Amino acid sequence: MSTQDPRSIWRRKPVDEMEDETVKSGLFKSLGLWQLTAIGVGGIIGVGIFSLAGLVAHGDSANPGVGPAVLISFLIAGLASAAAALSYAEFAGMIPRAGSAYTYGYVALGEITGWFIGWDLLLEYIAIVAVVAIGISGYLDAFLGGFGIHLPAWMASTVDEGKGGLINLPAILICLLVTFILSRGTKTFGRFELAVVAIKVVLILFIVGLGIFYINTNNYNPFMPSGFGPVVAGAATVFFAVFGYDAMSTAAEEATDGKKHMPKAIILSLIVAMLLYVAATLVLTGMQNYKDIDPKAGFASAFSSVGLPVIASIISVFAVLSILTVMLTFLLGVTRVWFSMSRDGLLPGWFSKVDRHGTPQRVTWIAGVASAFLAGIFPIRAVADLTNIGILAAFVVVCLSVIVFRYTKPHEPRTFRLPLMPVVPAFGVLASLFLITQLHWETWVRFVVWLIIGLAIYFGYGRRHSLMNPDSPRHEREQSLHA
């Protein structure tokens, strides 16, 4: 146990206890390097490029379009994300445990920090699944429109979109479908993810390879029509598109060799994603004037604009399929964070029960239904910004944690050591904080309300029941079970 006061909210979880917990977790170890990388790429590439790129380039009622400079938005977001990715890689190679940022914060900065970031991730990952479902719904509508079929407005858009809608029914059904796929077990999920990510990468290469012949360089002028400010604000929104590797790290306990494979998979997935993003955004804004891009189905509208509606329909079909991997990755993420918090005693143990497939079914279906609720009633940008503030907060904690842990535990075995300590993680902290300031005040209000609710649960339940508390009722129950 820790040498600190065991009743302090700053008590830290000892690293040497992690190995025993992973052996007893009940989660199956079935993911190799390429499956982990596929999960990372699957989480990064998706709605960010297929929907948010067009949204930020085109703009909306509250944000001017940034035009071709959406490329710079992606590069700014990617640079900030890279610093955090290296921090995640160092931790993942040292602590291959479900929970990701929640676990890293718990070990390095104390229980209250771990709770803060874990509670934050529960909302953010569920919101990500909802955003992606909304994005898929947009491409599905574009696909059906190619055949002259249009879904009634009341069931295909939310009230806030101003189209006479009441609920986004396709988005709800997509959330429930993905929940079912994940509920079948990690082994099945890993195979599905690897196959669909391969399709996704081929699709983007196809889009770039064909679209390059239809680029009109006049569409790049003006390159930055609204100035640099909206470009930075756009980076805060498209940041959603560059952090899927953090959800992949929540599957560390299900990796066949987490300490060796997790750091490589994190770095590989971000490199692949950023190369594809740069090429795809150049093609998107070169094929169609940014003012005419469909903010919900950018590439479908771009190919339609150059007289290739069949290609647009094909893209819509495969976009729907490929974006499913993002939902799967983040739904996996929220269930594993929830599982870890429950196993540690911060949430009721009922949530950490697994079935014969090694899957925590209870939290999987609760998270899936919650994401369906968000997808059904909120517009895409509101949910995307809510997601980003939470992930940026997680990045701040992870970057701070890796600095603290490098100096408090310098001799702890590490399979990967990030370079230029502490410059790289410090840059990650500053960049993440800067991007947070670019988000709307409504997003801050929602985030703060969620954290207040979380603090009430922690002080009302988690602090007392935590397994780090020697007086926890969970200890008594476990002793009676083994008696």
Heavy-atom SASA rank of LYS13, LYS296 (probe 1.4 Å, accessible area, largest first): LYS296, LYS13
From the coordinates shown, mean projected area of the Cα convex hull in nm² corresponds to which of (i) 22.4; (ii) 27.9; (iii) 21.2: (iii)
Rg(Cα) / (2.2 N^0.38 Å) computed for region 238-291, rounded to two decimals: 1.52
Calculated Rg and Dmax of region 79-125 using C-alpha coordinates, Å: 10.7, 29
Calculated diffusion of region 262-357, Stokes-Einstein form, Kirkwood radius summed over Cα pairs, 10 °C and 1.306 mPa s, µm²/s: 95
Per-peptide average of other Cβ atoms within 10 Å, ordering 267-276, 129-138 highest first: 129-138, 267-276
Order by protection proxy (mean Cβ within 10 Å, highest first), peptides 110-118, 440-448, 243-251, 279-287: 243-251, 110-118, 279-287, 440-448
Exposure of VAL232 as accessible area (Å², to 10), given a probe of 1.4 Å and all protein chains: 10
Region 150-286 shape via C-alpha gyration tensor axes, a/c threshold 1.5: oblate
Solvent exposure ordering (accessible area, 1.4 Å, most first) of PHE318, PHE351: PHE318, PHE351
Charge dipole (the chain, unit charges on Cβ, about Cα centre) - positive-most of PHE243, LEU52, ILE266: ILE266
Accessible area of LEU374 in the full protein assembly, 1.4 Å probe (Å², nearest 10): 30
The chain - charge dipole about Cα centre, Lys and Arg +1 at Cβ, Asp and Glu -1, debye rounded to 20: 680
Cα-Cα P(r), region 174-221, percent of pairs per 10 Å interval: 21, 30, 22, 17, 10
Range of Cα positions in region 24-116 per principal axis (Å), largest first: 51, 32, 22
From phi via Karplus (6.51, -1.76, 1.60), per-residue ³J(HN,Hα) for region 436-441 in Hz, x at Gly/Pro: 4, 5, 7, 7, 5, 5
Hull-based mean projected area of region 335-483, where the convex hull spans the alpha carbons, in square nanometres: 12.6
Dipole-positive endmost among PHE180, ASN219, TRP154 within the chain (Cβ charges, Cα centre): PHE180
Cα long-axis angle, helix 361-377 against the chain (0 to 90 degrees, to the nearest 10): 30
Whole-Å semi-axes of region 395-445's equivalent ellipsoid (Cα gyration tensor): 28, 11, 8
Residue-level accessible surface for HIS58, protein heavy atoms, 1.4 Å, Å²: 60
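The values are calculated or read from the model by the stated rules, or taken from the named source; none is laboratory data. Keep in mind it's a predicted model, so treat the numbers as computed, not measured. All Cβ positions, even for glycine, are placed from backbone atoms using ideal geometry, and neighbour counts span all protein chains on display. Each accessible area value is taken on the protein alone, full model and side chains, heavy atoms only, with ligands, DNA and RNA left out. Shrake-Rupley method; radii C 1.70, N 1.55, O 1.52, S 1.80 Å.
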